[in-house]
Amino acid sequence: MWLGYWFIAIFAFCASNFSQAQTSWPETNTSATTTLIRGGWIFDSLRDERRRNSGILLQGDQIVAVDTAQDTVTINSKLIQLTDDQTILSGFIDLHAHYSLDFFYEGRVDEAYYNSLVYLANGVTSTWSAGEMNPQRIIDQRNKIQDGEAIGPRLLSSGPYFGGFRCEYDVKVAEDDCVAWPNDITDDEIRQEVDYWTNTGIRSIKIKQSTPHETKIIIDQAKKHGLTTTGHLANYLVEYDVSTLDAITMGMDRIEHQLLLALSPQEADPNELAEIIQLMIDKQVYYDPNLQMYGSVNLRQKHIHDMIWTDEAKYFTPYAKGLLEARGSPPPESDWAEYRQRVIELLELYKAGGANLIVTGTDEPVYTTLLAGFAYHRELFALVDAGLPNAVVLKAGTINGAKALGIDNLVGTIKPGKLADIIVVNGNPLKDITAARDIAHVIANGIIHNPNNLLQSVENRIGPKNKDDHEFWMLEIPPLRRENTSSR
Ligand SMILES: [Zn+2]
């Protein structure tokens with residue numbers, strides 16, 4: 001329960017006197033609203049424990065003081081008084097966000113407006129979308145949020161997939177062609193693609209279904225622009241187009257989903273895994289296990305109340321909900337044997353000293369009446385259920401993600417000088433990870449949101465409204481080669 005925040009005027013302080021009195025704080029816009037968060041506990045993403053919060057002071061979009069003894073607020077200030085059972089965390093970061101939905105089983109499309117609100121309501125204040133079907137939609141929403149014209153998390157974009165997966169699931173084996181990533185794509189075309197998307201302001205590149213030769217060119221060209229890369233490497237069903245070891249040697253910065261191709265512990269080669277993990281630690285390569293996606297329907301059945309704790313279907317339009325329900329549950333993404341192998345890979349990385357390399361990503365392409373924003377908490381739960389300590393999981397969701405994306409100078413910890421991406425949850429997520437989903441306040445870029453209001457505004461909104469409203473929701477795959485590239 002939260003006590004709310006009040007506009008409190010104390011004394012005759014004017015804003016300028018107030019800022020002069022605090023000369024040790026970083027320069028900020030003195031006309032910006034200040035907010036004091038008092039009470040409760042802080043988990044600051046660098047520690048394995050909570051400490052009492054005496055006061056966090058925000059000004060505009062910045063954190064200006066932590067552990068401050070200040071207990072008064074001025075005429076332009078807000079006070080957020082926490083109860084003793086509340087915990088303050090740095091906003092969560094999703095390293096494998098998908099804003100995509102598939103209502104017709106004909107391919108996913110990205111919807112960034114309402115999904116952004118759902119993410120934010122779940123305490124996720126930054127996302128990197130790991131391969132976009134409609135990159136321009138993500139870019140447009142990213143810019144609107146940046147400019148204060150829309151509400152949402154910090155959208156760090158990826159552009160489209162780099163590789164044959166640009167054609168979604170149409171490409172099954174290496175021989176299949178994709179108009180958006182032709183089999184005879186030239187080295188120059190690959191470099192031009194990296195350059196083009198770099199200029200749109202993407203943060204990192206997602207490689208999926210590219211050959212070793214193509215992968216090397218993508219990684220090298222990305223590095224020229226200071227961009228990182230990650231990859232889904234088990235791409236053409238049983239054909240390994242780029243092995244994890246090769247990708248890391250080429251300079252890939254993060255690995256998604258899995259380290260070995262093995263589909264069960266019986267098939268796995270422990271020596272190969274040990275070699276990969278050692279190389280990841282040597283080169284500080286991040287790992288995004290996406291356990292909730294692998295566990296999918298099996299894990300949801302096993303932990304029904306911890307995985308599904310609210311009605312997510314109500315955020316879809318009645319028509320869209322009808323489409324999804326008529327289709328029924330999709331098959332599990334993997335069986336228990338494969339899930340166990342993915343858990344082994346994660347735990348081996350952790351035991352070898354790779355706790356700082358684990359990041360949190362949902363990878364929830366929506367085929368059901370479940371949503372990516374809520375999936376973030378399914379992932380936190382799955383990571384704890386797999387055997388990671390809660391503190392390790394909370395750091396994976398905050399500081400590790402920030403470092404992996406190269407934004408740890410801005411977000412990821414609660415520290416003066418960083419951006420005010422802060423959430424307040426009811427309870428202690430170090431004891432019970434599901435407390436992380438019981439969110440009282442979300443502050444993103446200094447703006448305070450009520451998660452319940454955010455969610456209410458999404459009810460009955462996601463998806464087509466009726467049979468005449470399909471166009472926005474149909475996948476379009478633009479060819480790589482065409483005269484006018486500006487309309488990509
Ligand atoms: Zn994905």
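The values are calculated or read from the model by the stated rules, or taken from the named source; none is laboratory data. As the structure is a computational prediction, the values presented were derived from the model and not from experiment. Cβ coordinates were reconstructed from backbone atoms using ideal geometry, including for glycine residues, and neighbour counts include every protein chain displayed.
Which members of the range 123-162 meet the condition of being buried (at least 24 other Cβ atoms within 10 Å of the Cβ) and part of a helix (DSSP H, G or I)? Of everything in the range 123-162, those that are buried (at least 24 other Cβ atoms within 10 Å of the Cβ) and part of a helix (DSSP H, G or I) turn out to be ILE138, ARG142. Just a yes or no: is a residue in the range 286-295 away from the ligand (no atom under 16 Å from the Cβ), assigned to a loop (DSSP other than H, G, I, E, B) and out of contact with any Pro (no Cβ under 9 Å at 6 or more places or on another chain)? No; the residues of the range 286-295 include none that is away from the ligand (no atom under 16 Å from the Cβ), assigned to a loop (DSSP other than H, G, I, E, B) and out of contact with any Pro (no Cβ under 9 Å at 6 or more places or on another chain). For the range 75-95, the condition holds for no residue, the condition being that it is within 27 Å of ASP469 (Cα to Cα), touching a strand residue (DSSP E or B) at 6+ places or on another chain (Cβ under 9 Å) and away from the ligand (no atom under 16 Å from the Cβ). Beta carbons closer than 8 Å, at least 6 apart along the sequence or on distinct chains, pair a first residue in the range 121-148 that is more than 16 Å from the ligand (Cβ to nearest atom) with a second that is in a helix (DSSP H, G or I) and aliphatic (A, V, I, L, M) for ALA121/LEU454; ALA121/LEU455; GLY123/ALA436; SER126/ALA402.
Within the range 96-112, which residues are more than 16 Å from the ligand (Cβ to nearest atom) and among the charged types (D, E, K, R)? Result: GLU106, single match. Tell me whether the range 340-356 contains one or more residues that are free of Cβ contacts under 8 Å to residues at least 40 places away in the same chain and more than 16 Å from the ligand (Cβ to nearest atom). Checked the range 340-356: at least one residue is free of Cβ contacts under 8 Å to residues at least 40 places away in the same chain and more than 16 Å from the ligand (Cβ to nearest atom). Are any residues in the range 148-175 modelled with pLDDT under 95 and farther than 20 Å from PRO479 by Cβ, and if so, which ones? Across the range 148-175, the qualifying residues are GLY148, VAL173. Can you find a residue that is crowded, with 24+ Cβ neighbours inside 10 Å, part of a loop (DSSP other than H, G, I, E, B), of a type in the set (A, V, I, L, M, F, W, C) and out of contact with any Asp or Glu (no Cβ under 8 Å at 6 or more places or on another chain) anywhere in the range 450-458? No; the residues of the range 450-458 include none that is crowded, with 24+ Cβ neighbours inside 10 Å, part of a loop (DSSP other than H, G, I, E, B), of a type in the set (A, V, I, L, M, F, W, C) and out of contact with any Asp or Glu (no Cβ under 8 Å at 6 or more places or on another chain).
Within the range 102-145, being of a type in the set (A, V, I, L, M, F, W, C) and either more than 17 Å from the chain's Cα centre (by Cα) or within 25 Å of ILE207 (Cα to Cα) (or both) holds for PHE103, PHE104, VAL109, ALA112, VAL124, TRP128, ALA130, MET133, ILE138, ILE139.
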